[in-house]
Amino acid sequence: MEYEDVLLCPRLADVKDDMVLEAAVNGQCQCIVTWNLRDFAAASSFGIQVMTPQTFLNLNDLTEPKRKQP
């Protein structure tokens, strides 16, 4: 699907979230980071992963600052 299809056909359970999906598709994002996983389930039909902030941080190894070893 293309970006224009998103505008013509709301996809998400909460219509207020449609603009987030539209922006992610238009920006060619790989993922949407949110606590609201259930409402963003349709994002996968656009090839966009949806994950929690904690999962995103774990995937990118950003959960704890790196410390220099003495």
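Here are the numbers:
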| read-out | value |
| --- | --- |
| Search result, residues across the range 53-66 that are modelled with pLDDT of 65 or more and open to solvent by 100 Å² or more (accessible area, probe 1.4 Å) | 59 |
| Per-region count, the range 15-44, residues open to solvent by 70 Å² or more (accessible area, probe 1.4 Å) and among the hydroxyl-bearing types (Ser, Thr, Tyr) | 1 |
| Inter-residue pairs, beta-carbon under 6 Å, first in contact (Cβ under 8 Å) with a residue 12 or more places away in the chain and in the range 33-46, second open to solvent by 30 Å² or more (accessible area, probe 1.4 Å), 6+ apart | 33/53; 33/56; 37/50; 39/13; 39/14; 40/50; 42/11; 43/50 |
| Considering residues of the range 1-12 that are part of a loop (DSSP other than H, G, I, E, B) and open to solvent by less than 90 Å² (accessible area, probe 1.4 Å) only, the residue modelled with the lowest pLDDT | 10 |
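The values are calculated or read from the model by the stated rules, or taken from the named source; none is laboratory data. Just so we're clear, the structure is a prediction, and the values are computed from it rather than from any experiment. Note that each Cβ is placed from the backbone with ideal geometry, even for glycine, and that neighbours are counted across all protein chains shown. Accessible surface is based on the protein model in full, side chains and every heavy atom, while ligands, DNA and RNA are left aside. Shrake-Rupley method; radii C 1.70, N 1.55, O 1.52, S 1.80 Å.
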